[in-house]
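Take a look at the structure below.
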Amino acid sequence: QKEVTGIIKKAGQTAIFVTHDQEEALSISDRIGILHQGQLEQIAPPLEIYRNPKTLFVAEFIGETNILSGNSDMDGLNVCTALGELPCPVQNPCTRSSNLLVSVRPEGLKPDPRGRFHGLILERTYKGPWAKLLIEFRGARGQKLHLTAYIDASNPLGPGDRACFHIKPGSISVIAS
């Protein structure tokens, strides 16, 4: 990958590289175009594609994510979801709508003793320097919500543990449904 991109940059040329490997696309591209069923869903730099997906397909295609449905508040500053009220991100503010989807990236769901989201750890999968957690939260109406979080592997949280979490700014994006 580095050799190919180095040759292209050295030659001062533009190239189109077609891949189904999301990590490869994120690592070598200046801009990414994502096609779905023959339609261009989004074209943007890799970081924007990851942090600010424009469609549900893009959010789920590039990396893992947690999807929540919700409604914006009257001011468009927050989205009310089953998990609770979440701030609309500055990079893609909410429009007044009753049909929004919120993407919360797993690395943005962080254990925090002062966090306002209380969950039960159902699963832990060791991934080397990090671990993947499956967490059950209770929604505002008592419904069960299962979300994924990535945490540092040295954190001892495991199945059966209860913990509080917060959501890091920048890990939330809002998608019109």
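The values are calculated or read from the model by the stated rules, or taken from the named source; none is laboratory data. Since we're looking at a predicted model, the values are computed, not measured. Don't worry about glycine lacking a Cβ; one is built from the backbone with ideal geometry, like all the others, and counts go over all protein chains shown.
Residues that are within 17 Å of S69 (Cβ to Cβ), surrounded by 12 or more Cβ atoms within 10 Å (Cβ to Cβ) and either at pLDDT 95 or above or not hydroxyl-bearing (S, T, Y) (or both) do occur in region 123-138, at least one of them.
Restricting attention to region 3-17, the residues that are within 13 Å of D30 (Cβ to Cβ) and not in a loop (DSSP other than H, G, I, E, B) add up to 3. Checked against the criteria, T5 does not count as surrounded by 12 or more Cβ atoms within 10 Å (Cβ to Cβ), among the polar types (S, T, N, Q) and at pLDDT 90 or above. Does G108 qualify as being modelled with pLDDT under 90, surrounded by 15 or more Cβ atoms within 10 Å (Cβ to Cβ), within 30 Å of R162 (Cα to Cα) and of a type outside the set (S, T, Y)? So G108 does not fit the description; no. Taking region 28-49 as the range and being within 17 Å of the chain's Cα centre (by Cα) and either closer than 21 Å to K132 by Cα or part of a helix (DSSP H, G or I) (or both) as the test, the residues that pass are P46, L47, E48, I49.
Note on region 50-64: among residues that are outside any loop (DSSP other than H, G, I, E, B) and not β-branched (V, I, T), the one that is surrounded by the most Cβ atoms within 10 Å (Cβ to Cβ) is A59. Residues being in a loop (DSSP other than H, G, I, E, B) and among the basic types (K, R) are represented in region 127-147 by at least one member.
Could you check how many residues of region 155-177 are outside any strand (DSSP E or B), touching a strand residue (DSSP E or B) at 6+ places or on another chain (Cβ under 9 Å) and over 22 Å from C88 (Cα atoms)? Break it down stepwise before answering.
So in region 155-177, the residues outside any strand (DSSP E or B) come out as 155-161, 168-171, 177.
In the following step, the residues that additionally are touching a strand residue (DSSP E or B) at 6+ places or on another chain (Cβ under 9 Å) were identified as 155, 157-161, 168-169, 171, 177.
Right, trim to over 22 Å from C88 (Cα atoms) and you get 155, 157-161.
Of the residues in region 155-177, 6 are outside any strand (DSSP E or B), touching a strand residue (DSSP E or B) at 6+ places or on another chain (Cβ under 9 Å) and over 22 Å from C88 (Cα atoms).
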